[in-house]
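One structure is given here, and the rest of the page talks about it.
The values are calculated or read from the model by the stated rules, or taken from the named source; none is laboratory data. Just so we're clear, the structure is a prediction, and the values are computed from it rather than from any experiment. Using ideal geometry, Cβ is built from the backbone for each residue, glycine included, and neighbour counts are taken over all protein chains shown. Quick note on the areas: whole protein, heavy atoms, side chains included, nothing else; ligands and nucleic acids left out. Shrake-Rupley method; radii C 1.70, N 1.55, O 1.52, S 1.80 Å.
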Amino acid sequence: MNFEYDTVTQEHRERLLSFMDSHVYPAERLPHSPDLVDDLRREARARGLWNLFLSLPNLQYAPLAEIMGRSPALAPAALNCAAPDTGNMELLASFGSAAQRERWLEPLLDARIRSAFCMTEPDVASSDATNVATRIERDGDEYVITGRKWFATGALGPDCALLIVMGKTDPTAERHRQQSMILVPRDTPGVTVLRGLHSFGYDDADHGGHAEIDFAGARVPAGNLLGEEGSGFAIAQARLGPGRIHHCMRLIGMAERALELTCRRVTARVAFGAPLATQGVVQDWIAESRVRIEQARLLVLKTAWLMDTVGNRGAHTEIQAIKIAVPSTVEWILDKAIQAHGAAGVSQDTPLAALWSRARTIRIADGPDEVHRRSLAKRELRRHA
């Protein structure tokens, strides 16, 4: 495994770091608005920083996603590399028909629309995707969708035009062949957004919020089925692999920014007659943060390398390992950064509280830690059976 940046990665890094300094960080101090993001997008495209998640292999993309993670509310959207659109675009590119790609993928790649992914449900334990209860029933040349979803990230955004919905087409089939995915235009009759949901008090409006959505007999053409009937579970697994590593890549950037802010804070602040940086406990936080960042980054890079060389299935163990290790690691680093900042750390005057809420949420999103630990342990035990 050689993780030295190649020429392509280095060139992209230099352009992205320059863009962050000149445009993204200054924009953090401005009110968030669609016009602000549009301005950033125009600049990013002019600099050749666009749809990098699709155009680059994982190992080249990882250092760039890390840089984006330093400003997760703005940078990913500015480069058209924000979730859930990235995962949805990958699904359409891999499993969509020519007509589906023309109608939905092309405008998503061009950032003319945004999308949401509707899998989690309020009434079942969605950490087990086979529990999904929403029905997708064939009726002639149409499918009828009935059920309720929540935490559909992005669905509240004004540009959201597409919902990718997972539901059951055949409850009598084999357990992992009951589910299908279907493309539902956001304005389809029978689709009702009931409310927006908060994460630790944040509405996350910068990336379209989190919606609870009712599907009351919503009808779409049969041609909107993604892939074939019964392939929904397999498609979901294909989507979640890249989605998980993208989250972890960005989390490394959040941790780096938190450590940077901590070092600046403790160097400048004096308590009990000396800078905070002279306190042994603070030095311990800083040293431990650096160690944990380096460990997490190496595991993410190894996972990216495996996904590029042997595919998502071959990297299954490592994908689960990063989902377990990275969010909790970054959560710890952010907690110490908040502590070092005192009252400012929990306020809106630093990005730390918002970053902490993202890291904590990721320990549930895309599957809770406990599910990944269970699966990883079973895989490890099979080697010794």
Asp369, Asp349, ranked by accessible area, largest first (probe 1.4 Å): Asp349, Asp369
Hull-based mean projected area of the chain, where the convex hull spans the alpha carbons, in square nanometres: 20.5
Solvent-accessible surface (1.4 angstrom probe) belonging to Thr169, in square angstrom, nearest 10: 20
Contact order relative to length of the chain, as percent, for alpha carbon pairs under 8 angstrom and 6 or more apart: 15
Nitroxide proxy distance, nm - points 7 Å out along Cα→Cβ at Ala287 and Arg29: 3.6
Surface per residue (accessible, 1.4 Å probe) for the chain, Å²: 45
Chain lengthening between Thr172 and Asp39 when straightened (0.36 nm per residue, less Cα-Cα): 42.8 nm
For the chain, calculated [θ]222 nm from helices alone, where every DSSP H run of n ≥ 4 adds -39500 (n - 2.57): -15000 deg cm²/dmol
Contact order relative to length of the range 1-138, as percent, for alpha carbon pairs under 8 angstrom and 6 or more apart: 20
Approximate spin-label separation Arg47-Thr278, in nm, with each point projected 7 Å along Cα-to-Cβ: 4.0
Cα-based helix-to-principal-axis angle, 58-68 vs the chain, degrees rounded to 10: 60
Candidate residues Thr361, Thr267, Thr303: accessible-area rank, largest first, probe 1.4 Å: Thr267, Thr361, Thr303
Sequence of Phe200, Phe53 when ordered by accessible area, the most exposed leading, probe 1.4 angstrom: Phe200, Phe53
Along each principal axis, Cα extent of the range 27-117, largest first, Å: 42, 30, 25
Residues of type lysines that Lys149 reaches as a straight line, Cα spacing below 24 Å, ignoring anything fewer than 8 places off in the same chain: Lys168, Lys323
P(r) tail fraction, the range 118-241 - alpha-carbon pairs more than 23 Å apart, %: 27
Stokes-Einstein D in µm²/s, Kirkwood radius over Cα pairs - the range 216-305 at 4 °C with 1.567 mPa s viscosity: 76
Derived scalar couplings ³J(HN,Hα) [the range 107-119; Karplus, 6.51 cos²θ - 1.76 cosθ + 1.60; whole Hz; x for Gly, Pro]: x, 5, 5, 8, 6, 7, 9, 10, 8, 9, 10, 10, 10
Range of Cα positions in the range 183-236 per principal axis (Å), largest first: 39, 27, 16
Relative contact order %, the range 140-192, counting alpha carbon pairs below 8 Å whose residues are six or more apart: 30
Nearest-10 value in Å² for the accessible area of Arg290, using the 1.4 Å probe: 90
With DNA, RNA and ligands ignored, accessible area of Asp110 (1.4 Å probe; Å², nearest 10): 60
log10 of Debye I(q)/I(0), alpha-carbon scatterers only, for the range 37-187 at 0.11, 0.17 Å⁻¹: -0.49, -1.03
Per-pair calculated FRET efficiency, R0 = 45 Å: Ala216 and Ser55 via Cβ, rounded to 0.05: 0.70
Tail fraction, Cα-Cα pairs, the range 239-363, threshold 23 Å, whole percent: 36
Long-range amide H partners of Cys118 with built H, under 5 Å: Ile164, Val165, Met166
Long-range amide H partners of Phe151 with built H, under 5 Å: Ala211, Glu212
Extended-chain gain in nm, criterion 0.36 nm per residue less alpha-carbon gap, Arg383 and Gln10: 130.4 nm
Rounded Å value of the spacing that divides the Cα centres of the range 318-385 and the range 52-97: 20
Inter-label distance, nm, simple model (7 Å from Cα along the C-beta direction), Arg264/Asp139: 5.7
Extension gain (nm, one decimal) between Ile364 and Asp159, 0.36 nm per residue minus Cα-Cα: 71.2 nm
Calculated Rg and Dmax of the range 266-327 using C-alpha coordinates, Å: 18.0, 56
